[in-house]
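Colleague: Starting off with a structure, shown below.
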Amino acid sequence: MKIHCLQHLKKETLGNIGTWIIQKGHTITKTLLYEEPFFPDPEEFDMLLIMGGTMSVYQEEEYPWLKPEKEFVRKVIKSGKPVLGSCFGAQMIAEVLGGKVTKNRFKEIGWHTVRSLERKSPSSSISSELPYCISNSFTAFMWHGDTFEIPAGAVKLLESEACPNQGFIYNGNVLGLQFHPEADRHWIRNLIDDSAHELVEGKYIQSQKDIFGQENLLEGSRYLAYSLMDWFEKK
């Protein structure tokens, strides 16, 4: 499988997903938005990954590459290619599909519980085709201050106490997740090195000590990422 990745920060890498790609023997190409953006033809790859970032999708003046990136993501979705977006990536997908992205009431940083919803979709096949790992409640790593509306035509999948919209699926193969399934130990360390100033007192903000004091959750994060990518591999 040929996978293309949109990466917005040098240190916010593929983490667990990158390890999965190597182990599976798939190929990966990248558009590095923090350097000179280049967007390939969607026919050149089989799946698109849209990673996180500290910017917001509505900051087009500060980040002039946002407009062409949105056009590219829209083109990929229209082509029918599978797409996975995490955090900023999910917000990007939501806006491209017509959902509004705004500040969330709370910042959500650290390990938090994500709850699955009872999906009462007219199409039962949507629910039955979801990866098992997000069909139940689980703990995932978060680092976000924005949130997205569920776009028209998409099905809401997940929520958390601090953020009502944690995930959605569109067209059976476009998945937007507010959390970070890619988070492994090295990935989390990189993010804290860059953004430790955000670890202030807050209802849903964990301290660095608390984040690293829950290393038992890293295996669950790896399982989450691998299960999601196994599911996409079959698309």
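Colleague: Within the stretch 201-219, identify whether any single residue is touching a residue at least 40 places away in the same chain (Cβ under 8 Å), surrounded by 22 or more Cβ atoms within 10 Å (Cβ to Cβ) and of a type in the set (S, T, Y), and answer yes or no.
Modeller: no
Colleague: From the list S135, S160, S207, pick out the single residue that is of a type in the set (G, A, S) and in contact with an Asp or Glu (Cβ under 8 Å, 6 or more places away or on another chain). Outline the logic, then answer.
Modeller: Numbers: S135 fails: in contact with an Asp or Glu (Cβ under 8 Å, 6 or more places away or on another chain); S207 fails: in contact with an Asp or Glu (Cβ under 8 Å, 6 or more places away or on another chain).
Answer to the check: S160.
Colleague: Select from the stretch 1-29 the residues that are surrounded by fewer than 17 Cβ atoms within 10 Å (Cβ to Cβ) and charged (D, E, K, R) and write down the one among them that is farthest from A183 (Cα to Cα).
Modeller: K2
Colleague: Is there any pair linking a residue in the stretch 106-120 that is of a type outside the set (V, I, T) to one that is loosely packed, with under 13 Cβ neighbours inside 10 Å and at pLDDT below 95, with Cβ under 8 Å and at least six apart or on different chains, and which?
Modeller: Hits for this filter: R115/S137; S116/N136; S116/S137.
Colleague: Write out, first by first residue and then by second, each pair whose Cβ atoms fall under 9 Å of each other, whose residues are 6+ apart or on separate chains, and whose first residue, in the stretch 77-89, is closer than 10 Å to P42 by Cα and touching a residue at least 12 places away in the same chain (Cβ under 8 Å) while the second is surrounded by fewer than 18 Cβ atoms within 10 Å (Cβ to Cβ) and aromatic (F, W, Y).
Modeller: Nothing qualifies.
Colleague: Could you tell me which numbered condition E35 fails, if it satisfies all but one of (1) over 26 Å from A152 (Cα atoms); (2) buried (at least 17 other Cβ atoms within 10 Å of the Cβ); (3) charged (D, E, K, R)?
Modeller: E35 satisfies all of (1) over 26 Å from A152 (Cα atoms); (2) buried (at least 17 other Cβ atoms within 10 Å of the Cβ); (3) charged (D, E, K, R) except (2).
Colleague: Return only the number of the condition from (1) under 12 Å from the mean Cα position of the chain (by Cα); (2) under 16 Å from D230 (Cα atoms) that G52 does not satisfy.
Modeller: (2)
Colleague: Among the residues of the stretch 195-233 satisfying the criterion of being hydroxyl-bearing (S, T, Y) and not in a helix (DSSP H, G or I), which is farthest from G145 (Cα to Cα)?
Modeller: At the first step, the residues of the stretch 195-233 found to be hydroxyl-bearing (S, T, Y) are 195, 204, 207, 221, 223, 226-227.
Keeping just the survivors that are not in a helix (DSSP H, G or I) gives 204, 207.
Values: Y204: 11, S207: 16 Å.
The residue in question is S207.
Colleague: Search the stretch 13-32 for residues that are over 13 Å from S86 (Cβ atoms) and pair each with any residue that is of a type in the set (S, T, Y) and part of a helix (DSSP H, G or I) when their beta-carbon atoms are under 7 Å apart and the residues are at least 6 apart or on different chains.
Modeller: Correct list of pairs: W20/Y226.
Colleague: When you check A152 against the structure, is it more than 18 Å from K11 (Cα to Cα) and more than 17 Å from the chain's Cα centre (by Cα), yes or no? Spell out the reasoning first.
Modeller: Numbers: more than 18 Å from K11 (Cα to Cα): yes; more than 17 Å from the chain's Cα centre (by Cα): yes.
Yes.
Colleague: Now, a different point. Touching a helix residue (DSSP H, G or I) at 6+ places or on another chain (Cβ under 8 Å), modelled with pLDDT of 95 or more and more than 18 Å from P151 (Cα to Cα): which single residue out of E44, E108, E60 fits that description?
Modeller: Working: E44 fails: touching a helix residue (DSSP H, G or I) at 6+ places or on another chain (Cβ under 8 Å); E108 fails: touching a helix residue (DSSP H, G or I) at 6+ places or on another chain (Cβ under 8 Å).
Every option except E60 fails the conditions.
Colleague: Could you check the stretch 145-157 and list, in sequence order, the residues that are in contact with a Lys or Arg (Cβ under 7 Å, 6 or more places away or on another chain) and modelled with pLDDT of 95 or more?
Modeller: G145, D146, E149, I150
The values are calculated or read from the model by the stated rules, or taken from the named source; none is laboratory data. All values derive from a computational prediction rather than experimental measurement. Cβ coordinates were reconstructed from backbone atoms using ideal geometry, including for glycine residues, and neighbour counts include every protein chain displayed.
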